[in-house]
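Read the structure below first, then the notes.
The values are calculated or read from the model by the stated rules, or taken from the named source; none is laboratory data. As the structure is a prediction and not an experimental result, all values here were calculated from the model. Please note: Cβ atoms are built from the backbone with ideal geometry, for glycine as well, and neighbour counts cover all protein chains shown.
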Amino acid sequence: MSDPYETTEQHLERLLRRALNSFDLPDSTVEQLGGALAHSSSLHSSHHSSVLHRETYRHTYLLPDGSALSLWELVHSSGRDLTAPRRHELYDDESDAHVAAVRLAGSFSDAPAFGDESPHGDLEILTVLMSAPPVPLPRTYAPDNSADHARRVLRRAENSDRPGEETARLLRAAFAHHITQIFGRQCPVDGRDAGFTLYEHAFLLLDGSELCLWEVEHTATPDGRHMCEVYGDEHAARQAMESRTRIC
């Protein structure tokens with residue numbers, strides 16, 4: 001993964017240049033990394049199947065003050081052709097990289113499809129989409145740039161009815177968060193398979209209260225690309241998934 005003759009500056013520039021989402025990295029993180037003295041890269045996890053090839057790499061940088069800062073790189077390609085172009089995504093939060101990896105390996109490629117395409121099959125799809133989730137495990141909050149994580153979740157939302165400025169203002173006081181995948185399935189939409197994943201992003205605020213964002217990732221788009229929508233409550237998120245199965 002690493003070139004022994006590549007300087008740390010060149011290594012960072014290469015990562016940022018090839019990542020599809022490098023613009024999502026906080027400016028403060030990029031500025032810190034600009035002064036890194038050394039770096040080390042290692043394979044963190046991988047998944048290989050007939051329909052998906054995915055690896056997650058951890059790039060750790062030594063900063064001038066003696067501290068370390070890590071970037072998480074998700075590299076993936078789909079299909080049986082191993083020579084297909086590989087896509088690169090970059091995250092400064094391990095949990096964000098994990099969510100992205102689960103989206104690829106656990107939801108869209110590996111999960112079983114819903115039954116057939118008959119009216120009964122369509123009814124089953126809608127029933128599962130709207131069904132109550134299992135009782136969740138107790139949350140374990142992690143204090144890890146949570147306010148910035150909330151900002152990124154809201155920024156990548158493409159739906160016009162996403163939570164507004166009041167929610168964004170409250171989340172600036174988030175100091176810990178917990179991510180749970182509530183739902184993940186593939187189902188036929190408009191004659192092709194589409195993937196739906198629902199995440200709960202729970203945030204712990206400075207006053208001790210909790211605030212949740214519900215993120216829907218799906219490929220029920222005309223060109224099959226991934227789309228992210230964010231809602232302020234679970235019911236609205238599930239209604240959005242249901243509507244996608246009807247209008248696409």
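Observations
- Residue-level analysis places Ala157 among those that are assigned to a loop (DSSP other than H, G, I, E, B) and aliphatic (A, V, I, L, M).
- Given (1) out of contact with any helix residue (DSSP H, G or I) (no Cβ under 6 Å at 6 or more places or on another chain); (2) at pLDDT 85 or above; (3) assigned to a helix (DSSP H, G or I), index of the condition Arg238 fails: (1)
- Some residue of the range 162-170 being over 20 Å from Asp24 (Cα atoms) and out of contact with any strand residue (DSSP E or B) (no Cβ under 9 Å at 6 or more places or on another chain): yes
- Ala194 closer than 20 Å to Ala142 by Cα and either among the aliphatic types (A, V, I, L, M) or surrounded by fewer than 17 Cβ atoms within 10 Å (Cβ to Cβ) (or both): no
- Out of Arg225, Arg246, one residue alone is within 20 Å of the chain's Cα centre (by Cα) and modelled with pLDDT under 85. It is Arg225.
- Screening the range 171-211 for residues that are of a type in the set (Gly, Ala, Ser) and either under 19 Å from Pro222 (Cβ atoms) or touching a strand residue (DSSP E or B) at 6+ places or on another chain (Cβ under 6 Å) (or both) and picking the one that is modelled with the lowest pLDDT gives Gly191.
- In summary, Glu217 fulfils each of the numbered conditions (1) among the acidic types (Asp, Glu); (2) in contact with a Pro (Cβ under 9 Å, 6 or more places away or on another chain); (3) closer than 30 Å to Leu69 by Cα with the single exception of condition (2).
- Exclusive hit being over 18 Å from Asp144 (Cβ atoms), outside any helix (DSSP H, G or I) and among the hydroxyl-bearing types (Ser, Thr, Tyr), set Thr167, Thr197, Thr180: Thr197
- Screening Ile125 with (1) among the β-branched types (Val, Ile, Thr); (2) in contact with a Phe, Trp or Tyr (Cβ under 7 Å, 6 or more places away or on another chain); (3) at pLDDT 70 or above; (4) part of a helix (DSSP H, G or I) gives one miss only, at (3).
- Residue count for the range 57-74 under the criterion of being modelled with pLDDT of 90 or more and over 15 Å from Ser40 (Cα atoms): the result is 1.
- Considering residues of the range 198-235 that are touching a helix residue (DSSP H, G or I) at 6+ places or on another chain (Cβ under 8 Å) and β-branched (Val, Ile, Thr) only, the residue farthest from Arg156 (Cα to Cα): Thr219
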